[in-house]
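Participant: Right, I'll just put the structure down here and ask away after.
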Amino acid sequence: MSIRKAVRKVLEELPPGVVLAAAAKSRTPAEILEAVEAGVEIIGQNYVQEAAAAFEAVGRRAKWHFIGHLQTNKVKRAVEIFDMIETVDSVSLAREIDKRAGAAGKRMPVLLEVNSGEEPQKAGVLPAEAEALFRAAAALPNIHVQGLMTMGPFEGDPEDSRPYFRVTKALFHRFGGLALPGVEMKWLSMGMSNSYRVAVEEGANLIRLGTLLFGPR
Ligand SMILES: *Cc1c(COP(=O)(O)O)cnc(C)c1O
């Protein structure tokens, strides 16, 4: 299936209020442009360098979400390119983004990444530590906390992802209930090509699809 057709098919299927981000790692600028022309409004990128090249071609015709592991020395550039950083998982990263965003005269929208599977080698804040990060991030003036993101362990059977989506959704609602000033809990970013249907059932309103739109990497 062409990228155009795959994008159209997903967009037709999604319930209202659920937004598609195209996870574009390793895709060419031409492929990304095809997705944008077919109706994709958000491009997810895992690497700042790669995003910079795609950004040359696509510019502000789409929004740019950072969805990879952000190194401190890339934060300055990331703040220039991206409209949202979905993967804030430590206070030190939050502080660096706050500092760079402040210097750029910007208030950076961010999501906090939750390590919902509690996998030692994976990025994301542990569920038990998420509230402390949430409170610390909420207090920083130049970042705007807008929700949570999770990957979850990769499972062959999408049903097996459901418990990890539930853990993340529970935190999302709990943090929303704290009603901290300056925070707007509106995005719950969960679900990839194999698991997005389950994620949407569990309350995701931002899904990140790569393979399903662009084909295998
Ligand atoms: C690659 C990637 C995706 C999309 O994965 P697919 O299985 O290709 O849909 C989603 N989220 C993140 C953070 C990714 O790195």
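The values are calculated or read from the model by the stated rules, or taken from the named source; none is laboratory data. The model shown is predicted, which means the values in this text are computed figures rather than measured ones. Here Cβ is always computed from backbone atoms with ideal geometry, including for glycine, and neighbour counts include all displayed protein chains. Ligands, DNA and RNA are excluded from the accessible area calculation, which covers all protein heavy atoms including side chains. Shrake-Rupley method; radii C 1.70, N 1.55, O 1.52, S 1.80 Å.
Participant: On the basis of being in contact (Cβ under 8 Å) with a residue 12 or more places away in the chain, part of a loop (DSSP other than H, G, I, E, B) and open to solvent by 10 Å² or more (accessible area, probe 1.4 Å), does A123 make the cut?
Facilitator: When the stated conditions are applied, A123 passes them.
Participant: Confirm whether A137 is surrounded by 23 or more Cβ atoms within 10 Å (Cβ to Cβ), modelled with pLDDT of 95 or more, more than 14 Å from the ligand (Cβ to nearest atom) and farther than 29 Å from E31 by Cβ.
Facilitator: Yes: the conditions hold for A137.
Participant: Among the residues of the range 162-207, what is the count of those that are touching a strand residue (DSSP E or B) at 6+ places or on another chain (Cβ under 7 Å), closer than 18 Å to G117 by Cα and among the charged types (D, E, K, R)?
Facilitator: The number of residues fulfilling the criteria is 1.
Participant: Within the range 169-199, count every residue that is more than 16 Å from the ligand (Cβ to nearest atom) and among the small types (G, A, S).
Facilitator: Matching residues across the range 169-199 total 5.
Participant: Name the pairs whose Cβ atoms lie under 9 Å apart, with the first residue in the range 12-26 and in a loop (DSSP other than H, G, I, E, B), the second near the ligand (Cβ under 9 Å from one of its atoms) and open to solvent by 60 Å² or more (accessible area, probe 1.4 Å), and 6 or more positions between them or separate chains?
Facilitator: Matching pairs, first to second residue: K25/R217; S26/R217.
Participant: Right, something else. Does at least one position in the range 94-106 carry a residue that is touching a helix residue (DSSP H, G or I) at 6+ places or on another chain (Cβ under 6 Å) and surrounded by fewer than 16 Cβ atoms within 10 Å (Cβ to Cβ)?
Facilitator: Scanning the range 94-106 turns up at least one residue that is touching a helix residue (DSSP H, G or I) at 6+ places or on another chain (Cβ under 6 Å) and surrounded by fewer than 16 Cβ atoms within 10 Å (Cβ to Cβ).
Participant: Further question on the same structure: Quickly run through the range 171-187 and pick out the residues that are assigned to a loop (DSSP other than H, G, I, E, B) and open to solvent by less than 60 Å² (accessible area, probe 1.4 Å).
Facilitator: Correct list: L180, G182, V183, M185.
Participant: Filtering the range 45-63 down to residues that are in a helix (DSSP H, G or I) and within 13 Å of the ligand (Cβ to nearest atom), which residue is nearest to A78 (Cα to Cα)?
Facilitator: A51
Participant: If a residue has to be surrounded by fewer than 20 Cβ atoms within 10 Å (Cβ to Cβ), part of a loop (DSSP other than H, G, I, E, B) and within 8 Å of the ligand (Cβ to nearest atom) to count, how many in the range 200-217 make the cut?
Facilitator: Counting residues in the range 200-217 that are surrounded by fewer than 20 Cβ atoms within 10 Å (Cβ to Cβ), part of a loop (DSSP other than H, G, I, E, B) and within 8 Å of the ligand (Cβ to nearest atom) gives 1.
Participant: Can you name the residue in the range 126-164 that is in a loop (DSSP other than H, G, I, E, B) and of a type in the set (D, E, K, R) and is also farthest from P109 (Cα to Cα) among such residues?
Facilitator: Among them, the one singled out is D157.
Results for (1) under 19 Å from L206 (Cβ atoms); (2) open to solvent by 30 Å² or more (accessible area, probe 1.4 Å); (3) in contact with an Asp or Glu (Cβ under 6 Å, 6 or more places away or on another chain), shown as yes or no for each residue.
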site	(1), (2), (3)
E56	no, yes, no
W64	yes, no, yes
E86	yes, no, no
V91	no, yes, no
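Participant: If the Cβ limit is 7 Å and pairs must be 6+ apart or interchain, which residue in the range 197-211 that is farther than 14 Å from M149 by Cβ pairs with which residue that is away from the ligand (no atom under 13 Å from the Cβ)?
Facilitator: V198/E159; V198/R162; V198/F165; V200/P15; V200/V18
Participant: Checking the structure you have, find out if any residue of the range 184-205 is among the β-branched types (V, I, T) and over 30 Å from A38 (Cα atoms).
Facilitator: No, there is no match, as no residue in the range 184-205 is among the β-branched types (V, I, T) and over 30 Å from A38 (Cα atoms).
Participant: Among E13, E31, E37, which is closer than 17 Å to S193 by Cβ, open to solvent by 60 Å² or more (accessible area, probe 1.4 Å) and modelled with pLDDT of 95 or more?
Facilitator: None of the others qualify; the one that does is E13.
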